[in-house]
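Notes for the one structure printed next.
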Amino acid sequence: MVSLGASAWAQDALDLPMNREGSGTAWQPDSTPMYAKGFSLDGWNLMAHGIGFGGYDYQGSRRGGGQVFSTNWAMLMAEHDFLGGEFGGRLMMSTEEWTDGGRGYPLLLQSGEEFHGVPNHDRQHPHDLFMELAATYAHPITKDLGFELYGGPVGEPALGPVAAPHRESAAADPFAPLGHHWMDSTHVSFGVVTAGIFTRDVKLEASWFNGREPDENRSNFDFRRMDSYSTRLSYNPTRDLSMQVSWGYLKSPEQLDPNISVNRVTTQATYDRRLASGGNWATTTGWGRNIDSSGKPTDALLLESNLDLDGANVLFGRAEYVRKTGEDLDFAPAGAVYNVGAISLGYLRNFDLFNAFVLAPGVMVTTSFIDGRLDPAYHSQTPVGVAAFIRLRPALMDMD
Ligand SMILES: [Cu+2]
């Protein structure tokens, strides 16, 4: 078994750098650092990566709460040359159902999915045990054009930015964005097929998938008709910049509201820059809009940044503004739309562990901004929450 640097992972089709691969088939900037361990074995390139957070989460206000949490995912990728192209397989798993509980961890103003027949609110639901079980195949058509197929029983359709758990700009923040269900919540979909064509800097994709959100049993496969679709245009004009615009039709995403379907539009730009100090600066800005079939459009705006000053000291933050409905927040009248937001700021310190892992204690303080009309439920318009945690992930893959 031979240990590999990142350059050995260049995609055969058009020689695109491995670092460009975000989650699912989403692109990120080529300069994005990769925290992983690579091996080669019998013509297969294998790579293991993941992130695990563990700590204590305290969310202020009457609807907040505190608990010990662990958000995490681990992933194994395997790639092999096949018929002049490149075949890949992926398995990604998470223990959040057990480490955060069935309703997930406290996250003020969060919404999406359900537990025991009630919409989940002010908590982030856990990810499923199987977050991805999928295969990819990429093949050049000409010198400057390639095609890509992706699909599997669990995967991410071509909709939205690189999913939050995989974004370098969110890598120090253990929690999901409040706009997750406006931008990237489809990253765990049970049944996905995607086809795309790409040049060295543009990719156009279409997906056909099951748009129903996973149910509260997180360890099974929630198959259903594949009756949702999406399309995404991605553009990487330079090594440091990646952008996308995407649209999706989600048929009956919510089990509790099966007659409602959603059109989702998202756009995002991610800027990544390696710093001479050995650090890296990754920033993502995004917008998502859900237009449900009852005609109510709601929007989410996101700005997040991860400034690794020198490979050891990391400053990070996220600012969000989201318009959520009474249904989302379980607050009457259900049809009303409320302004909510949050600003999180944090610091994290990396420590090398046997040259193979990076162990990083961190702390994050979040101020939420709550529409005054929601005061009867929250008893505060600017509650403050704190999370103290440790993050573990593989060491930076050396770039040769
Ligand atoms: Cu998620």
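Readers should treat all values here as calculations from the given coordinates under stated rules, not as data from a laboratory. Computed from a predicted structure; not experimentally measured. Virtual Cβ from ideal backbone geometry, glycine too; neighbours counted across all protein chains shown.
Quick notes
- Whole-Hz couplings from phi, Karplus 6.51/-1.76/1.60, listed for region 330-345; x for Gly and Pro: 6, 9, 7, x, 4, x, 5, 10, 10, 8, 9, x, 7, 10, 10, 9
- Furthest towards positive pole of dipole, Phe53, Pro17, Ala74, structure part the chain, Cβ charges: Phe53
- Pair Ala78, Val118: separation of 7 Å Cα→Cβ label points (nm): 4.4
- Phi angles across region 311-317 convert, under the Karplus curve 6.51 cos²θ - 1.76 cosθ + 1.60 with θ = phi - 60°, into 3J(HN,Hα) values of x, 10, 9, 10, 9, 8, x Hz, Gly and Pro given as x.
- Length gained on full extension, Leu145 to Trp44: 33.9 nm, using 0.36 nm per residue less the C-alpha separation.
- Cut-off under 5 Å, modelled amide H: who pairs with Asn350 long-range: Asn313, Val314
- Extension gain, Asp310 to Ser294, is 0.8 nm, computed as 0.36 nm per intervening residue step minus the present C-alpha separation.
- Dipole of the chain [Lys/Arg +1, Asp/Glu -1 at C-beta], most positive-end residue of Val386, Gly362, Trp44: Val386
- Karplus-derived HN-Hα couplings along region 247-263 (A = 6.51, B = -1.76, C = 1.60, θ = phi - 60°), whole Hz, x at Gly and Pro: 9, x, 10, 9, 7, 6, x, 9, 4, 7, 10, x, 7, 8, 10, 10, 9
- 5 angstrom amide H check on Ala336, placed H, neighbours 5+ away: Gly326
- Candidates Tyr150, Tyr338, Tyr105, ranked by Gaussian network fluctuation over the chain, Cα under 10 Å, top entry: Tyr338
- Set of region 124-166 residues, backbone N closer than 19 Å to the point 7 Å along the Cα-Cβ line of Ile197: 137-150, 158
- Each 20 Å bin from zero up to the one holding the largest Cα-Cα distance in the chain carries the following percent of pairs: 29, 61, 11, 0.
- Extension gain (nm, one decimal) between Phe354 and Tyr235, 0.36 nm per residue minus Cα-Cα: 39.1 nm
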